[in-house]
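Below: the structure, in structure tokens.
The values are calculated or read from the model by the stated rules, or taken from the named source; none is laboratory data. Bear in mind that the values here come from a model prediction, so they are computed numbers and not experimental data. Every residue, glycine among them, receives a Cβ derived from its backbone with ideal geometry; neighbour counts consider all protein chains shown. The accessibility values were calculated without ligands, DNA or RNA, using every heavy atom of the protein model including side chains. Shrake-Rupley method; radii C 1.70, N 1.55, O 1.52, S 1.80 Å.
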Amino acid sequence: MNRENPLVLGIESSCDETGIGIVRGRTLLSNTIASSMDEHARYGGVVPEVAARAHLEAMGPSIEAAMAEAGVTFDELDAIAVTSGPGLSGALMVGVGAAKALALATNKPFYAVNHLVGHVGADILDTRGEPFDYPTIALLVSGGHTSLLLVRDLVGDVELLGETIDDAAGEAFDKVARILGLPYPGGPQIDRAAEGGNPAAIRFPRGLSLPKDMAEHRYDFSFSGLKTAVARWVERAEDAGEEIPVADVAASFREAVVDVLVTKAINACRDLGVPRLLLGGGVVANARLREVATERAAAAGVALRIPPFSLCTDNGAMIAALAAQLIMAGKQPSSLGVAADSTLPVTEIQVAELTEG
Amino acid sequence: MYLAIDTSTGTGVALVSANGEIRASRVLTDTRRHVEVVGTFIQEVLAETGTTAAQISAVAAGMGPGPFTGLRIGIAAARAFGQGANIPVIPLVSHDALALEWYENGGTGELLVTTDARRRELYWSRYSGLDAAGIPVREAGPALARPEDLDIAETERLGTAGTAPHRVDAVGIPAGSLGILAQRVRAAGRPGAEDEALYLRPPDIAAQGPRKRVS
Ligand SMILES: [Zn+2]
């Protein structure tokens with residue numbers, strides 16, 4: 001196996017995107033994504049069984065498309081990598097089953113890696129400037145997760161500082177969009193609706209931000225109470241026969257989410273003396289999040305990195321990139337007996353590494 | 001050589017030679033550990049027979065019927081193996097392997113096979129025998145039914161004079177027989193089954209109702 005500049009194919013199927021990525025060392029060759037998002041739209045959120053069925057159908061064609069785009073053959077690959085968790089278990093299993101068989105058919109080493117750490121690894125593929133040094137704080141926000149990490153070493157030392165104790169931030173966007181009568185997915189809809197709205201019009205609660213919460217949950221998030229507060233506000237206005245100021249509600253809700261995300265992330269940078277913040281996950285598409293993060297990071301003297309959107313959403317390239325780093329760091333392949341683990345902790349960067357020899 | 005993979009009930013993996021002999025096989029009836037064992041099983045049957053992926057000429061994929069999550073893992077693995085080794089995948093109805101095994105072991109006449117579909121339902125298929133190519137002739141199914149409804153339907157079908165078919169309520173699919181079936185299907189120039197997972201149930205989804213009040 002080439003450990004200098006390994007050619008790796010990565011498979012990602014933890015949620016509703018079937019992602020196949022191919023990288024050579026730190027260079028991106030293909031980032032192919034098939035999404036089943038449209039199939040979930042009428043249910044207002046990702047339906048696990050629908051996502052898993054879609055993965056099975058999209059897997060083969062996506063692998064073929066990625067190989068063609070990268071212009072490589074299976075023979076040339078140095079390894080096959082896959083997300084083994086965290087995520088939706090039925091969805092993860094499709095990718096893990098496919099990856100194991102692909103590794104056996106091509107006689108290539110198999111690496112099972114952590115999805116959240118993969119999001120951090122995506123930064124490596126961003127060609128705009130040098131990737132981050134470590135340690136760095138990483139804020140990962142999507143429809144499936146909201147996590148704050150301290151990354152001391154991408155392949156050896158990742159610590160979970162905090163995460164959501166109820167809804168993911170992306171989920172809150174979907175639910176509030178629904179309250180406002182907007183379609184799924186809610187993120188871009190809320191963004192559009194908030195245009196021209198006053199973010200200070202309504203003071204919605206900032207979850208886990210009161211002094212008493214900050215002792216125990218300094219870096220944790222909660223968006224369930226916020227969603228309920230928006231629903232209450234809208235219901236009260238409806239009962240009173242008032243017209244709902246959708247732009248103000250959307251802008252004020254979005255401000256509450258963004259405020260709490262960025263405040264806690266910058267707090268972590270300050271508290272831990274880490275002057276670097278990396279954003280990842282699909283919610284990074286939110287323009288207001290990027291804006292507020294940019295302002296407050298600058299004010300706090302924290303360097304900010306936001307990979308391009310195609311590398312922020314779930315994708316196979318980040319999985320391949322992380323595996324390439326593991327290979328370059330001398331890590332052995334994973335056991336072919338690994339399971340899918342829907343709650344895989346971030347401390348497990350690689351799953352079931354075989355002992356040498 | 002044919003590599004056969006089925007996860008429609010438990011997990012079954014087998015290697016069958018070009019002339020239709022089972023060379024190695026692995027079975028696990030546990031219906032929750034498909035993803036853990038599928039790779040190891042493939043690795044083991046290859047190692048046990050000293051076979052390389054390049055020596056496999058086709059992959060037999062059991063397409064079900066099977067409950068959702070497990071079924072997909074074997075199909076995903078079979079397709080990925082075929083893709084990686086650049087060989088065809090032959091999709092097959094998993095129940096056909098049960099029928100082949102039963103007739104090959106001397107069974108004659110009508111056969112009804114069932115497998116567990118969970119939620120107190122069964123998957124079933126009915127066969128009349130093997131054809132000239134040694135391939136089971138499926139007269140009905142695969143289909144989904146509650147056990148009592150299947151009994152009623154069979155009683156009605158047979159009337160007063162008919163003899164009930166022999167019945168096999170299987171807990172696992174014999175992957176070796178699936179491999180033999182693939183070899184016979186290929187030798188006979190048949191296309192195999194539809195390349196589609198046989199869930200026989202729509203996904204579990206509740207369409208969104210109207211928004212509920214919180215206050
Ligand atoms: Zn993600």
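Restricting to region B:74-87, give me the number of residues that are without any contact (Cβ under 8 Å) to a residue 12 or more places away in the chain and within 7 Å of chain A (Cβ to nearest Cβ).
Going through region B:74-87 one residue at a time, the tally reaches 3.
Before we move on, is A:Leu279 part of a strand (DSSP E or B) and buried (at least 18 other Cβ atoms within 10 Å of the Cβ)?
yes
Just a yes or no: is a residue in region A:49-57 charged (D, E, K, R), within 24 Å of the chain's Cα centre (by Cα) and open to solvent by 30 Å² or more (accessible area, probe 1.4 Å)?
Looking for residues that are charged (D, E, K, R), within 24 Å of the chain's Cα centre (by Cα) and open to solvent by 30 Å² or more (accessible area, probe 1.4 Å), one finds at least one in region A:49-57, hence yes.
Would you tally the residues in region A:134-175 being of a type in the set (S, T, N, Q), within 13 Å of the ligand (Cβ to nearest atom) and over 29 Å from A:His40 (Cα atoms)?
Matching residues across region A:134-175 total 0.
Tell me the residue from B:Ala77, B:Ala133 that is open to solvent by less than 10 Å² (accessible area, probe 1.4 Å) and aliphatic (A, V, I, L, M), please.
Of B:Ala77, B:Ala133, the one residue that is open to solvent by less than 10 Å² (accessible area, probe 1.4 Å) and aliphatic (A, V, I, L, M) is B:Ala77.
Scan region A:309-336 residue by residue and report those that are open to solvent by less than 10 Å² (accessible area, probe 1.4 Å), within 20 Å of A:Glu353 (Cβ to Cβ) and not small (Gly, Ala, Ser).
A:Met318, A:Ile319, A:Leu322, A:Leu326, A:Ile327
Could you check region A:76-109 and list, in sequence order, the residues that are among the charged types (D, E, K, R) and more than 10 Å from chain B (Cβ to nearest Cβ)?
Answer for region A:76-109, where residues must be among the charged types (D, E, K, R) and more than 10 Å from chain B (Cβ to nearest Cβ): A:Glu76, A:Asp78.
Please go through (1) open to solvent by 10 Å² or more (accessible area, probe 1.4 Å); (2) at pLDDT 95 or above; (3) within 15 Å of the ligand (Cβ to nearest atom) for A:Val46 and return the number of the only condition it doesn't satisfy.
(2)
Considering only residues that are part of a loop (DSSP other than H, G, I, E, B), open to solvent by 10 Å² or more (accessible area, probe 1.4 Å) and closer than 20 Å to B:Thr9 by Cα, which ones fall in region B:47-74?
B:Pro67
Considering only residues that are at pLDDT 95 or above and at the interface with another protein chain (Cβ under 7 Å from one of its Cβ atoms), which ones fall in region B:62-73?
B:Arg72, B:Ile73
Return yes or no: is B:Thr115 closer than 18 Å to B:Ser8 by Cβ, among the hydroxyl-bearing types (Ser, Thr, Tyr) and either open to solvent by less than 10 Å² (accessible area, probe 1.4 Å) or touching a His at 6+ places or on another chain (Cβ under 7 Å) (or both)?
yes
In a helix (DSSP H, G or I), within 19 Å of A:Thr136 (Cβ to Cβ) and in contact with a Phe, Trp or Tyr (Cβ under 8 Å, 6 or more places away or on another chain): does that describe A:Leu326?
Answer is yes for this residue.
Could you please find all residues in region B:25-46 being more than 7 Å from chain A (Cβ to nearest Cβ) and either open to solvent by 40 Å² or more (accessible area, probe 1.4 Å) or at pLDDT below 95 (or both)?
B:Ser25, B:Arg26, B:Val27, B:Leu28, B:Thr29, B:Asp30, B:Thr31, B:Arg32, B:Arg33, B:Glu44, listed by residue number.
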